Structure formats: C-alpha cells, structure tokens
Amino acid sequence: MKALVMTKYGDVNNSLAFQEIAKPQINADQVLIKVHAASINPVDYRILRGDAKALMKLNFPAGIGRDVSGVVEAVGDNVTTFAVGDEIFSRVDEPLAGTLAEYVISNAIDSVKKPANLSHEEAASIPLVGITAYQSLIEVAKLKAGEKVLIHAGSGGVGTLAIQLAKSIGAFVATTTSTANVKLVTKLGADQVIDYKKSNYLDQIKDFDVVFDTLGGEYCLDAFKVIKKGGRVISVAGEFDAQITKELGLNCLIRGLLALKARKVVKAAEQKQATYRFVMMAANGKQLAALADLFESKVMTPVIDSVYDFDDSIEALNHLVKGRAKGKIIVKIAD
Ligand SMILES: NC(=O)c1ccc[n+]([C@@H]2O[C@H](COP(=O)([O-])OP(=O)(O)OC[C@H]3O[C@@H](n4cnc5c(N)ncnc54)[C@H](OP(=O)(O)O)[C@@H]3O)[C@@H](O)[C@H]2O)c1
C-alpha cells in the first residue's frame, strides 16, 4: 500500500517520502481501516522534528498522521462493535500513528461510527482536536454552565472545537484571534472576541474561572493574570506540570529540568491559589463517541481550512507549519 512515511528526524521538506509498504496486520482487538480522509496536527511535524525524542523513540520509516475517517476493511476476532464495511473515525493510538496511508489500524475501543451527516473529510477533522478539547475542558477543567473561560487561538484546530464544546456546556466563552478570523469565531459562538491585532487581551479579561492555553510561552504564564483567585489554567502548549511528567514515566533528570522550566508557572499558580494542569491528549473512544453525538445533533460543526489530495500531503503539512490554519487541514486519500 502507499503511505507517507517519516524517513529520519528533520523538517517536512527533507524527511518525508511516499513508499510502498506492507498493509498493517491487525490483532484480535483492532480494526483495519481503508482510509478515506486524514487530518493533520502540529504534533505530526513536531514529532518529525524530534521534539518528542525524550518521550518516545521512532524506528524509521515511521508512519505519520493520527486522525482518520474511513471504512472497516477487516476486524479482529474479539471485535464485536464493528463489521466490515462500517464507516468509522478515530484518533489512532500513538503506536499506530500512520493515517496518511491507504490503510491504517486502530484499536476498536478508540474507534467510533462516523456521524451519518458528516463526510469522511469532516469526520477526520474531529478526533485529535475534539478529544483534546474534551479532555481539557470537561475532564480536567470540569467547566460548568455559567463559568467564564478564555480560549486562546479560537480559530485553530483545537480552538474552533473548544469554543463550540464550551458553549454546548453553557459557559461564557472569550477567545483571542486575529482580525481575519473575528467573524469565524463569532459564528462558532464566542461571546467575547479579542482581536489581538487591535488590542491586548490582558486589558479586557479579568477574574475568569478557566483559561485554556493553546499557545504556550508567555500565554501560559499570563493566564494567571486573568483568572480569579482559585481559578484553573489548562494548557496543551505550555509548561509540563509535575503530574504529567510522572504519568509519562520520565526519568528524574528530565523531570527535574521540566520542573525548573515550569517554576514561574507553579509560583504564579500558588500566588493565585489556582490549579495548573498540562493536558497531553490520549486516544479515547468514549469521549469521541460523546463528540460524535454533538456533531450528529448539529450542536457542533466541523471547521475545515482546506482539503489536499494525498499526493500533496507534504504541501498540506507545510501549510500547517505556518500556524495560520482556520480549523483543520485535511488530506483526502480515497473517494
Ligand atoms: N498537549 C496536547 O495533547 C495537544 C493536543 C492538540 C494540540 N496541541 C497543541 O496546541 C496548539 C494548537 O493546536 P492547533 O491544532 O489548534 O494548531 P493550529 O490549528 O495550527 O493553530 C493555528 C491557529 O492559531 C492561531 N494563532 C496563532 N497565534 C495566535 C495568537 N498569538 N493569538 C491567537 N491565535 C493565534 C491562528 O490564528 P490567526 O491566524 O488568527 O493568528 C490559527 O488559526 C499546538 O501547539 C499543538 O501542538 C497539544
């Protein structure tokens, strides 16, 4: 089968190649999916760059892509939830990454029937960013109706779904974006839109219950300036907290270095009597099923920046690297 693979650590233009590789073999708890559409995420090029070397070692050639929508081609002996021919979508578990390919494996528990009202391209736009928003806002922040949440980068892959998910709970949503995307985030339901080209969100947001930081760096630390005493800051792009470094089983040296890097954030959290958590999303079929319901009932809607042909996957990744996508970039693999 044809697959885009990572051949070595490096950048998108010098470390990826299309290769003919063997179709992957499923175990008893997995399904083989004929890929119709995949979506790409910053983690794809970050891992390629070697940013996650301390967390996992790659054996090259290695698959790229984590989001898939397609048709079940084969089911493992223990799988009772799906049959050949079912249309499903999934954020494949990390060791199975490789959705930019004609076929990919997913664990049955990480897979969900595709909402009937969505195309494969639309469904593929959801899993990784949708589960990230779910784990950040619902599982960790425990966001409630009436609470005020600031969601950074509301026009990005994570932001576009996070705004909609927070609104579905009944929260008040403020978001940051550039002038060109003000209309988009307003349409998605944001109650307060801060155009970062025209004003500083630090002057406009005060005493919020939750900040969802998808930008990292100064945004992670500055979150503590805008939350109320006892608020919650959740980041998917900022400093690792002690809990995540422990859960990831990092060695003492790396944990020490990360703790040193996070010391300002920890101090800021203490001063505000706030909680700070870094979320590292993980595949989760139950949460994806909850999201599927929200899309099926049209409470949430997919946001697609662009659709590329499989042969243009590297171009698609170059587009993503620029960091200006409005929603998700999709790669169409089959009709
Ligand atoms: N920890 C995890 O498990 C996890 C999971 C998913 C994602 N992430 C991370 O979360 C981050 C966001 O992911 P994503 O998929 O949403 O990325 P993305 O789709 O590439 O984000 C692009 C968007 O970011 C906006 N943006 C860039 N700089 C901004 C700024 N200063 N203020 C407001 N908006 C800004 C851009 O809008 P403008 O053009 O209007 O600026 C654009 O729409 C990435 O760093 C990713 O690696 C982590």
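The values are calculated or read from the model by the stated rules, or taken from the named source; none is laboratory data. Not measured: the values here are computed from a predicted model. Here Cβ is always computed from backbone atoms with ideal geometry, including for glycine, and neighbour counts include all displayed protein chains. Heavy atoms of the whole protein, side chains included, go into the accessibility calculation; ligands, DNA and RNA do not. Shrake-Rupley method; radii C 1.70, N 1.55, O 1.52, S 1.80 Å.
Legend: translational diffusion of the chain by Stokes-Einstein, Rh = Kirkwood radius over C-alpha pairs, 37 °C, 0.692 mPa s; D = 162 µm²/s.
Highest mean packing comes first when the peptides 8-19, 202-213 are listed by Cβ atoms within 10 Å, giving 202-213, 8-19.
With all protein chains in place and ligands, DNA and RNA left out, the 1.4 Å accessible area ranks ARG46, ARG277 as ARG46, ARG277, largest first. Within the same chain, aspartates and glutamates fewer than 8 places from LYS53 are excluded, and of the rest, those with a Cα less than 20 Å from its Cα are ASP11, ASP44, ASP93, GLU94, GLU239, ASP241, GLU247. Under 24 Å of direct C-alpha separation, and excluding same-chain neighbours fewer than eight residues apart, LYS34 reaches these lysines: LYS2, LYS23, LYS113, LYS114, LYS286, LYS328, LYS332. Taking a sphere under 13 Å around the Cβ of SER125 and counting the other residues whose Cβ falls inside, with K and R at +1 and D and E at -1, yields a net charge of +2.
About its Cα centre, how strong a charge dipole does region 153-273 have in debye, to the nearest 20, once Lys and Arg get +1 and Asp and Glu get -1 at the Cβ?
Values: 17 positive and 12 negative charges, 22 e Å.
For region 153-273, the charge dipole is close to 100 debye.
Determine, for each peptide in 283-296, 75-88, the mean count of other beta carbons within 10 angstrom over its residues, then list the peptides with the highest first. Before the final figure, lay out the partial values.
Details: 283-296: 18.8, 75-88: 14.6.
Listed from highest to lowest mean packing, they are 283-296, 75-88.
Screening the chain for whole DSSP H helices of 18 Å or more along their axis (Cα) with average Kyte-Doolittle hydropathy at least -0.5 returns 157-169.
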